[in-house]
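Enquirer: Quick one: this structure, given as structure tokens, is what I'll be asking you about.
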Amino acid sequence: MSSKTILICDDTLTDRTNLERIVRAAGYGVIFATSGGEALERAKALKPDLIFMDVNMEGMDGFAATRGLQKDAATMRIPIVMVTSKGQKADHVWARMQGAKGYVVKPYRDDQICAQLAALLEKADAAG
């Protein structure tokens with residue numbers, strides 16, 4: 001069992017539960033946030049190894065939260081994957097500009113989430 005922890009930030013219970021199922025099946029621990037602001041707080045306090053971030057949330061959206069996480073020295077090295085229904089090319093580009101390392105469009109397949117976990121966590125391990 002991996003000691004790595006994934007922060008799932010989504011304001012919809014169904015989406016959080018589905019991501020949790022995939023992440024736990026891949027052998028990772030899970031913590032949750034239901035808003036961008038809560039994601040900032042939890043990431044700073046708990047230092048997850050990766051964050052799955054929704055975009056459309058009340059209050060601070062996922063783009064703003066990603067910007068905030070990337071500007072903070074305590075969280076800037078945590079890879080963020082946007083998991084969103086926003087599938088336009090401009091959304092992908094904007095997410096990258098905010099600091100996201102990956103992008104998955106809802107509805108997604110389990111293997112798309114697992115591919116992000118594998119690619120970004122292996123990359124982080126290699127970087128030390």
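Enquirer: Spin-label point model (7 Å from Cα, Cβ direction): what's the Met60 to Asp111 distance in nm?
Expert: 3.6
Enquirer: Quick one: Karplus J couplings for region 15-25, per residue in order, coefficients 6.51, -1.76, 1.60, θ = phi - 60°, nearest Hz, x for Gly and Pro?
Expert: 5, 4, 5, 5, 5, 4, 4, 5, 5, 5, 5
Enquirer: I would also like to ask the following. Just check region 11-82 against the gyration tensor rule for me: Cα atoms, a ≥ b ≥ c as the square roots of the eigenvalues, rounded for a/c under 1.5, and otherwise prolate or oblate depending on whether a/b exceeds b/c.
Expert: Judged from the Cα gyration tensor, region 11-82 comes out oblate (a/c at least 1.5, b/c at or above a/b).
Enquirer: If one computes P(r) from the Cα atoms of the chain, what percent of pairs lie at distances over 25 Å?
Expert: In whole percent, the share of Cα-Cα pairs in the chain beyond 25 Å is 13.
Enquirer: Taking Cα pairs under 8 Å and at least six residues apart, what relative contact order does the chain come out at, in percent?
Expert: This gives 22 percent for the chain.
Enquirer: Where does the chain land at 222 nm, in deg cm²/dmol rounded to the nearest 500, when only DSSP H runs of n ≥ 4 count, each adding -39500 (n - 2.57), divided by all residues?
Expert: Per the formula, -15000 deg cm²/dmol.
Enquirer: Continuing with the same structure: Show me 59-68, 16-25 ranked by packing, highest mean number of other Cβ atoms within 10 Å first.
Expert: Output ranking for 59-68, 16-25: 59-68, 16-25.
Enquirer: Also, quick follow-up: Long-range amide H contacts for Met60: which residues qualify at under 5 Å (H placed 1.01 Å from N, peptide plane, sequence gap of 5 or more or a different chain)?
Expert: Residues meeting the criterion, in which the H sits 1.01 Å from N, are Gly36, Gly37.
Enquirer: Continuing with the same structure: How many percent of Cα pairs in region 59-128 exceed 19 Å?
Expert: For region 59-128, the share of Cα pairs beyond 19 Å comes to 37 percent.
Here, each number is a calculation from the coordinates, and none is a lab measurement. Fair warning: this is a prediction, and the values are worked out from it, not measured in the lab. Positions of Cβ are generated from backbone atoms using ideal geometry, with glycine treated the same way; all protein chains shown enter the neighbour counts.
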